[in-house]
Structures are given as structure tokens and as C-alpha cells.
1. I need the full set of residues from the range B:47-58 which are more than 7 Å from DNA strand D (Cβ to nearest atom), touching a residue at least 12 places away in the same chain (Cβ under 8 Å) and either part of a helix (DSSP H, G or I) or farther than 20 Å from residue B:8 by Cβ (or both), in order please.
2. So if I check each of B:138, B:131, which one is within 10 Å of chain A (Cβ to nearest Cβ), within 20 Å of residue B:86 (Cα to Cα) and in contact with a helix residue (DSSP H, G or I) (Cβ under 6 Å, 6 or more places away or on another chain)?
3. Collect the residues in the range B:155-166 that are more than 8 Å from every other protein chain (Cβ to nearest Cβ) and in contact with a helix residue (DSSP H, G or I) (Cβ under 9 Å, 6 or more places away or on another chain), keeping them in residue-number order.
4. Would you mind stating whether residue B:36 is in contact (Cβ under 8 Å) with a residue 40 or more places away in the chain, part of a helix (DSSP H, G or I), in contact with a helix residue (DSSP H, G or I) (Cβ under 6 Å, 6 or more places away or on another chain) and surrounded by 15 or more Cβ atoms within 10 Å (Cβ to Cβ)?
5. Restricting the range B:92-146 to residues that are outside any helix (DSSP H, G or I) and more than 15 Å from the chain's Cα centre (by Cα), which is surrounded by the most Cβ atoms within 10 Å (Cβ to Cβ)?
6. Out of (1) more than 9 Å from every other protein chain (Cβ to nearest Cβ); (2) modelled with pLDDT of 95 or more, what's the single condition that is false for residue B:144?
7. One residue is enough: does the range B:96-113 have a residue meeting the conditions under 22 Å from residue B:29 (Cβ atoms), touching a helix residue (DSSP H, G or I) at 6+ places or on another chain (Cβ under 8 Å) and within 16 Å of DNA strand D (Cβ to nearest atom)?
8. Every residue in the range B:15-33 that is under 20 Å from residue B:116 (Cβ atoms), within 15 Å of DNA strand C (Cβ to nearest atom) and away from every other protein chain (no Cβ under 14 Å), please.
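The values are calculated or read from the model by the stated rules, or taken from the named source; none is laboratory data. Everything numeric in this text was worked out from a predicted model, so none of it was measured. Here Cβ is always computed from backbone atoms with ideal geometry, including for glycine, and neighbour counts include all displayed protein chains.
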DNA sequence: TCTGTACATGTACGAATGTACTACATGCGG
DNA sequence: CCGCATGTAGTACATTCGTACATGTACAGA
């Protein structure tokens, strides 16, 4: 369905365009004109639907956070169906490590949250969500440690040509999640 | 000594100003004029000493990386003098987690490296350096895992009001560094 | 002392940007 | 069919920015 004369769809298109552009050019280089061009809407539409550029960016980052929440739900299901929690978590993490756009977006969110406190809660969604899921299988401290480790693995993948391999991930996640047995 | 008619000092002043401003306003909002004002030099000086703003930013981030290298050397010494490597590492990490400016700078570097490949090597200094140091005490995989974990702890501290406590850090770092015994 | 070279600094300018605004189109209730 | 609210779209404008540049100044060597 076309976006003309369809406010909801139009708004979604604009957010989607910003969402795509963030990993490509970074939050900082995002402009009304760039988003308008990508969304194939006139410049005026981007100011009509969002009261400021910051609002637009926030909407896009919120969309990113929602996408992450959905991914987390999928992780929760996969872990529940698994008999080898650390191994499954390692595989899930490894898959994520190859999605550079996803990780770049997440890092942009962290950087933005560093200067805009209202974004901090968005930045916590992944970390806290994963910790909550893992707490089903071990104690809170171990769950948090494993969650922190996967965050570190994202950062590692972002700065290195080759992300950590599944074996390394599995080994580390196994000892972390089994900390509660000690 | 005044910076007038003292090129080296002047250059250092400008870099220092940019270095200070990065955690405050972010790499993206850094401008010649902002740096000039902080360094108390005229606008022209910032373009005289650096061929472009990107060059200036790169110089500032390089300075940040060098500061990190020095910190790493201190870590190496402290660990060498210690009988409890994981515990000492936890303490060192915990101290770092309270230095928000330092971590913000580091995150800015990560974000910048995401869009400028020539900065990637700078972004690796911390991670690879720490891994190298820890490899003295355990196998490479365990050292890398511990290093990745501390990176994750930085990210955690950046987005949460309260950083991880020393106890949590010590517990996780202990099992990770002892992975080689398994 | 003279002079050339390196350093210093204020200004100017084109380009890009956020945002306001005006004019126009469209569909709906009366 | 008629206005009216809502959405659309192009344009204009003040501001800020990176950078170039012209002019000025201090100092080392002849």
C-alpha cells in the first residue's frame, strides 16, 4: 500500500528509513534530507511527523530497541527448547556477531545514550532482558555475568575482523553459567 | 610556559582540548570553534595545525589510545606484583568503571571506528593489549574471554546507574581465568 | 640592521542544515 | 455540492560549519 494519504504508513516509512541509515552513516550524520530521500517522501513530511530531528532519531532508536526485544523473545524460546543452554546461547550469540548492521546500530545507541540520558533506558533493554532470561537457568549474578560477556563479544566483533568463534563463546558461557554450582 | 610562539605546546593544547571535549559533547559535535575556545587559541590555529577536522579528531583519539596504553602498563605491573590475579584484575576494572569520562571516550572511539576503518586499530588497543597481558597467566582463549568480559563490564557501567560490584567481577573473572585448568 | 621564513589570527564565503511557512490537494460530514 | 480539517510538498531563511586566505608578527641568520 502506498504511503500517500496514509499517515501511519508514512510515519513508519520515515522511521524505517532512519533505522536503516543509522548503521550506514551514524546517528550523528542523520539529517532530515537524508531520511526523506531514503523514505522517498518530501522533506516537509519529516518535519510534519516529528517535532524535531531528535524526536525522529529517538523514534528510530526505539524501533531498534523493539526489534531487539523480539529477537530476545526468540532467544528465550530457543533456550527453553534446548538441553544445552550454554551451547545454544553460544550459537545464538555467534549468529548475532555476524550481523554488523545490528551491532553498529546498538553501538550507536550506546554512544547516543552517553549524551542523552532519556535514551539510557532503551540502551538497557538488551542487557537487562538477556539477564532476566538467563536467570531462569542459574543465579542472578551468573546470569548477569553471561549477559555482560555477550555484550563484550559484540564489542569485540565490532572492532575485529573476525568475531569470536562458537567454541570460545561456548567455553566461556559454560563456566559463567555454571558459576552457581560452585 | 605559554603556548604562543611555541608550536609543539600549541598543538598539544589543541589536542588536549579536543580530548577533554569528546566525552562532554561527543565526537560528532566537535567543531573547530569549540576546540579553539576550550584551548584558548584563535580559530585559525586549529586549522593551521591540522589539515582537517577529521585529522584533529584522529589526533585526539590517538591521544586517548595512548593514555589507555599507559593505563595498561600500570595494570600489567599490578598484576605481576599480585598473588591473586583475578582479584586484582577485578579491583583494577572496578576502579575504571567509575571513570565515566574515560569509558565514554572509549565508546565514542568504538562508534567512530564503526564508520572510519582507519580508526579500527586504535579501537583494538585496549582489548588486544589486555588479552596479551592476561595470556601470561592462562591460555589465550581464557585471556581473551576475560578481556571480552571486562569490555562488557564497561558497556554495562555506561548504561546502568550502578556499575558491577567488585565481588561480581572477581567471581566471573576467576572462573574465566581458571578455564585453562579444566 | 635587513630580510626571509615560520607562525599567528581575524575574516570571509560557500555549503549544509533544522525548521518555519505558504500554498495546495484530498476526502469527509453536512 | 460545499467547506473544512487533515495531510502534502515545495521553498525560504537564519544559523552554523569547515576551510581558505590575506594580513600581520616575531625571530634567526646574513
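1. B:49, B:56, B:57, B:58
2. None of the other options fit; the residue is B:131.
3. Within the range B:155-166, the first condition is being more than 8 Å from every other protein chain (Cβ to nearest Cβ), and the residues that meet it are B:157, B:161-163, B:165-166.
Of everything in the range B:155-166, those that are more than 8 Å from every other protein chain (Cβ to nearest Cβ) and in contact with a helix residue (DSSP H, G or I) (Cβ under 9 Å, 6 or more places away or on another chain) turn out to be B:157, B:161, B:163, B:165, B:166.
4. Numbers: in contact (Cβ under 8 Å) with a residue 40 or more places away in the chain: no; part of a helix (DSSP H, G or I): yes; in contact with a helix residue (DSSP H, G or I) (Cβ under 6 Å, 6 or more places away or on another chain): yes; surrounded by 15 or more Cβ atoms within 10 Å (Cβ to Cβ): yes.
Spelling it out, it is not the case that residue B:36 is in contact (Cβ under 8 Å) with a residue 40 or more places away in the chain, part of a helix (DSSP H, G or I), in contact with a helix residue (DSSP H, G or I) (Cβ under 6 Å, 6 or more places away or on another chain) and surrounded by 15 or more Cβ atoms within 10 Å (Cβ to Cβ).
5. Top of the filtered list is B:138.
6. Condition not satisfied by residue B:144: (1).
7. Going residue by residue through the range B:96-113, those that are under 22 Å from residue B:29 (Cβ atoms) are B:99-113.
With the extra rule that they be touching a helix residue (DSSP H, G or I) at 6+ places or on another chain (Cβ under 8 Å), the set shrinks to B:100-113.
Filter once more, so that each one left must be within 16 Å of DNA strand D (Cβ to nearest atom): B:108, B:112.
Yes, some residue in the range B:96-113 is under 22 Å from residue B:29 (Cβ atoms), touching a helix residue (DSSP H, G or I) at 6+ places or on another chain (Cβ under 8 Å) and within 16 Å of DNA strand D (Cβ to nearest atom).
8. B:15, B:32
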